[in-house]
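A short worksheet on the structure shown next.
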Amino acid sequence: MDTRVIDGVALARRLREAIRERAAELAKRGRTPGLVAIRVGDDPASKVYVSTKMRVSVEVGIYSEHVELGADATEEELLRRIQALNAEPRIHGILVQLPLPKHIATDRILEAIAPEKDVDGFHPCNVGLLATGQPRFVPCTPAGVMAMLETEGIALDGREAVIIGRSNIVGKPMALLLLQKGATVTICHSRTQDLSSHTRRADIVVAAVGRPHLVGAGMVKPGAVVIDVGINRLSDGRLVGDVAFQSMLGKVACVTPVPGGVGPMTVTMLMANTVRAAELASRAA
């Protein structure tokens, strides 16, 4: 079987061009989309993620700011920053890079972001809208996966999908999106018994747990679509996913690589959400 490797870099490039055009149209009307990323502490991975988001925002014509707070910043200090940004009309999107230091309550911080500026899609209001099939902002990684599936022409209606991972960031919203497209969805997690018995019957497998090479060829059926959301750094410095990529070639219909698969799409969907936030604000003005 010929396995199609889904090129997230190329797809992200095409989508960003459309986002750039939408941002330019808003700028002509005096409403350049604005995005602020807040990072607390010195987590190396968070630094890289925020730097990438800021770079891409410039590429697509989004005004961006990066707020850096020390690891000893208090929860109240962070809340004050968010409240000020909520009231700033030039800013349409606010994201707080996770994880936060342990002394800061993540739920409280995410709930403090105005729902109409919550471009990560984590606020309970936006989670509720997604759950009822009326999404305003879809979490960026699941949104990127759905864009990949749509672009590749992968049918979802009536198909069986298995998601490995139950996080609020990927697993749960991914399940809702697939369900709304007519898929029959199973969510597996750390307490699932006999994981392979679930994945081997799936037409679509989404791996999102952060365990290197968890999913091997013996865990998927021939012709399946395998989406690898995991990003893991091995002791030798290599980045790998949750899927044993090489073992999938020749067995599955489609697979995403790591790096170069879902990652670029996640950042792209953040930009799309920010432009959408600006468009909604423009209509409400």
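The values are calculated or read from the model by the stated rules, or taken from the named source; none is laboratory data. This one's a predicted model, so the numbers in the text were calculated from it and none came from an experiment. Neighbour counts are summed over all protein chains in view; Cβ atoms, including those assigned to glycine, are modelled from backbone coordinates with ideal geometry.
Being assigned to a loop (DSSP other than H, G, I, E, B), at pLDDT 95 or above and in the same structural domain as residue 228 (by TED's automatic domain parsing) is true for just one of 144, 121, 182. Which residue is that? Every option except 182 fails the conditions.
Could you count how many residues in region 233-245 are at pLDDT below 95 and surrounded by 14 or more Cβ atoms within 10 Å (Cβ to Cβ)? Full working, then the answer.
Of region 233-245, the ones at pLDDT below 95 are 233-239.
Cutting the leftovers down to surrounded by 14 or more Cβ atoms within 10 Å (Cβ to Cβ) gives us 239.
Qualifying residue count, region 233-245: 1.
Taking region 14-36 on its own, how many of its residues are within 30 Å of residue 246 (Cα to Cα) and in contact (Cβ under 8 Å) with a residue 24 or more places away in the chain?
2
Name the helices (runs of 4 or more DSSP H) wholly inside region 1-88 in which the number of residues that are at pLDDT below 95 and either more than 30 Å from residue 153 (Cα to Cα) or touching a helix residue (DSSP H, G or I) at 6+ places or on another chain (Cβ under 6 Å) (or both) is 1 or more.
Values: elements: 8-28, 44-59, 75-86.
So the answer is 44-59.
For region 140-171, residues that are without any contact (Cβ under 8 Å) to a residue 24 or more places away in the chain and farther than 13 Å from residue 229 by Cβ total 3. Annotation note: Cβ proximity below 8 Å between a residue of region 190-201 that is assigned by TED's automatic domain parsing to the domain that holds residue 243 and a residue that is surrounded by fewer than 13 Cβ atoms within 10 Å (Cβ to Cβ) (sequence gap 6+ or interchain) occurs for 196/218.
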